[in-house]
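Taken together, the values in this text are just the output of simple stated rules run on the coordinates, not laboratory data. As the structure is a computational prediction, the values presented were derived from the model and not from experiment. So basically every Cβ, Gly included, is an ideal-geometry build from the backbone, and we count neighbours across all protein chains shown.
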Amino acid sequence: MAIRLGDKAPNFSAESTDGHIDFYDWKGDSWVLLFSHPKDFTPVCTTELGAVAGLKPEFDKRGVKIIGISVDPLDSHQGWAQDIEDVTGNALSFPLLADPDHKIAEAFDMIHPNELATLTVRTVFVIAPDNTVKLTLTYPASTGRNWQEILRAIDSIQLTANHSVSTPSDWKPGEHVIAAPTFSDEEAEAKFGPLDKKKDYLRFVSQPG
Ligand code: BEZ
């Protein structure tokens, strides 16, 4: 069963490169980036894991814990960690879950058998402090992900969780955002400052907060 936006992320427990993990206990009330890769000791995956490890300070700044997963066993993850560091210069800085019995992969619908028979595809889940799923992405094995885009999406998700605004196409932090349509012009102006009104339903304002 696919996990959809707004669903509760299921709990699980598994071995990881940082020891045994009960997901809800480990997560606490943090944001989480949970992502799968197809297979250890493969080229695109090596570049991706190193890239995420290098961006850990950016995820930390946003209060986001990182956790990776594939269907490989723990000893494979442990052996591969050195390759990731050799190739990218970044040591693995977050737990990598071992899921050889596909328990987690099935709970999160990470195996798409018509694409890759028994391996996890490249999924991403951003999970909120209350355990609801706020973003899902699925990429094929041949396409490495753009983690800057995922950080950008997290910035939008966290901003819009706290303020009655949405973010336009290609928005970046600091750029104008869109006032919620529920506010009158007067209410929006009182809340956010001057409006740049393109249409009745599209009113840009400065980023709050
Ligand atoms: C890769 O990381 O390059 C890869 C992994 C699994 C299947 C195909 C490519």
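The table below lists the values:
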read-out	value
Given charges at Cβ of Lys, Arg, Asp, Glu: the range 88-154 dipole, positive-most of N146, I127, L92	N146
Unsatisfied cross-links (Cα-Cα over 32 Å) in the set K56/K103; K39/K134; K61/K198	K61/K198
Residue of F94, F59, F192 that the Gaussian network model of the chain assigns the largest fluctuation, springs spanning Cα pairs under 10 Å	F192
Charge-dipole axis of the range 163-205 as Lys and Arg at +1 and Asp and Glu at -1 on Cβ define it, positive-most pick from G174, P194, S184	G174
Contact order relative to length of the range 163-205, as percent, for alpha carbon pairs under 8 angstrom and 6 or more apart	34 percent
For the range 42-94 versus the range 1-22, the gap between their alpha-carbon centres in whole angstrom	18 Å
Per-peptide average of other Cβ atoms within 10 Å, ordering 44-50, 202-208 highest first	44-50, 202-208
Rg to Rh quotient for the chain, alpha carbon positions, Kirkwood Rh	1.04
Equivalent ellipsoid semi-axes, the range 64-114, via Cα gyration tensor eigenvalues times 5, rooted, Å	22, 13, 10
Unit Cα scatterers, Debye sum, the range 163-205: log10 I(q)/I(0) for q = 0.21, 0.25 Å⁻¹	-0.59, -0.83
Under 25 Å from K199, Cα to Cα: lysines that are on another chain or at least 8 residues apart	K172, K191
Value at 222 nm in deg cm²/dmol, rounded to 500, when DSSP H runs of n ≥ 4 in the chain each add -39,500 (n - 2.57)	-9500 deg cm²/dmol
Kirkwood-Stokes translational diffusion coefficient of the range 126-177, alpha-carbon pairs, 10 °C, 1.306 mPa s, µm²/s	128 µm²/s
